[in-house]
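Peer 1: Quick one: the structure is below, questions incoming.
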């Protein structure tokens with residue numbers, strides 16, 4: 001059993017496994033080199049040779065406990081037929097959502113289009129670098145994907161005023177997303193993913209009155225589906241206002257916390273496995289500050305099953321040596 005599985009399934013406290021969100025990415029010179037030659041981000045995600053290579057890059061450098069597959073949550077809307085492109089210094093840009101078009105998707109076609117992602121997982125699974133480590137597959141939560149699909153770009157701070165005006169569009173899109181996210185999850189597990197993480201990047205945008213319909217119900221359906229496949233599920237409802245209530249309703253195996261929440265409060269209120277929390281900006285400071293902050297999380301969760309991670313992804317301007325220092329510090333703690 002891997003260190004992360006021991007932490008999740010056996011609630012082992014002596015281990016503090018570590019992996020980092022966006023560990024395969026822009027802060028690594030070897031990734032930037034590859035990216036320069038492959039300017040189309042979606043095509044790069046759908047190239048099984050390159051995406052598996054990128055997934056393994058951080059494992060060649062660092063003693064991490066998991067690989068997270070190099071892909072993107074927006075690969076699902078893209079494959080369903082809504083065009084997605086990534087613009088430099090802007091982020092994702094989507095075209096208009098055509099409900100009729102996306103509702104005509106067939107399971108077989110969907111799986112076929114995403115086959116390179118699954119083949120990438122398979123290639124990673126065969127690597128010697130993955131011995132005694134987990135492979136993390138992932139999806140965007142239905143709510144977060146809906147936000148991108150209707151908003152057509154990152155909402156940054158708040159939703160458009162007329163976001164909820166077409167209730168039927170929202171309801172139908174969520175149902176379509178749930179159906180195809182389950183297929184995507186099942187396929188990732190079939191090809192070798194040992195953990196599934198659900199990223200709800202825009203959970204913090206919703207008011208309490210809307211949580212049940214847009215976050216709790218659709219996410220719970222996905223969590224129960226993953227559990228039925230006997231694979232642990234991690235949820236990351238970034239900046240949600242009430243983690244305690246979320247965990248009580250959704251019951252994931254692991255909850256990833258963001259860096260704005262007080263870890264002391266989380267430890268007192270939540271009894272499931274905790275992951276993450278460290279502000280990625282700490283990696284842009286110096287080793288002394290990094291040590292103090294990392295130690296804070298390790299101390300707070302010393303009597304609680306805990307997977308070390310960040311409260312968001314590794315930032316592009318991060319020095320790989322700081323990442324190396326953090327991993328070694330956590331491992332030797």
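Peer 1: Could you give P(r) for segment 123-263, binned at 10 Å from zero, as whole percent values over all Cα-Cα pairs?
Peer 2: Bin by bin from 0 Å, the calculated values are 11, 41, 33, 13, 2, 0.
Peer 1: Translational D (Stokes-Einstein, µm²/s) of segment 66-124 at 20 °C and 1.002 mPa s when Rh comes from the Kirkwood sum over C-alpha pairs?
Peer 2: Rounded, D is 165 µm²/s.
Peer 1: Of all beta bridges DSSP finds with both residues in segment 3-332, what is the antiparallel percent, to the nearest 5?
Peer 2: 15 percent
Peer 1: Could you give log10 I(q)/I(0) at q = 0.20 Å⁻¹ for segment 209-302, computed by the Debye formula over C-alpha point scatterers of equal weight, without solvent?
Peer 2: Reported log10 I(q)/I(0), two decimals: -0.97.
Peer 1: Sum -39500 (n - 2.57) across every DSSP H segment of at least 4 residues in the chain, then divide by the residue count to get the 222 nm mean residue ellipticity, nearest 500.
Peer 2: -13500 deg cm²/dmol
Peer 1: 7 Å from Cα along Cα→Cβ at both residue 160 and residue 262: what's the point-to-point distance in nm?
Peer 2: Roughly 3.8 nm, to one decimal.
Peer 1: Sort 129-135, 256-262, 31-37 by the packing proxy (mean of other Cβ within 10 Å over each peptide's residues), most packed first.
Peer 2: 256-262, 129-135, 31-37
Peer 1: Of 207, 239, how do they rank once you tally other Cβ atoms within 10 Å and put the fewest first?
Peer 2: The most exposed by this proxy come first: 207, 239.
Peer 1: Right, another one. Determine, for 235, 45, the number of other Cβ atoms within 10 Å of each Cβ, and report the residues in order from fewest to most.
Peer 2: By the 10 Å Cβ count, ascending, the order reads 45, 235.
Peer 1: If you don't mind, there's one more thing I want to ask. How do 153, 247 rank when sorted from fewest to most other Cβ atoms within 10 Å of their own Cβ?
Peer 2: Lowest count first: 153, 247.
Peer 1: A further question on this structure: May I ask you to compute the full-extension gain from residue 168 to residue 303, defined as 0.36 nm times their residue separation minus their alpha-carbon distance, rounded to one decimal in nm?
Peer 2: 43.9 nm
Peer 1: Between segment 251-284 and segment 117-194, what is the C-alpha centre distance in whole Å?
Peer 2: 21 Å
Peer 1: Write down the Kirkwood hydrodynamic radius of the chain, to one decimal in angstroms, obtained as one divided by the mean of 1/r over all alpha carbon pairs.
Peer 2: 20.2 Å
Values quoted throughout were computed directly from the atomic coordinates according to the rules given, and no laboratory measurement underlies them. As the structure is a computational prediction, the values presented were derived from the model and not from experiment. In this analysis, Cβ positions are derived from the backbone assuming ideal geometry, glycine residues included, and neighbour counts consider all displayed protein chains.
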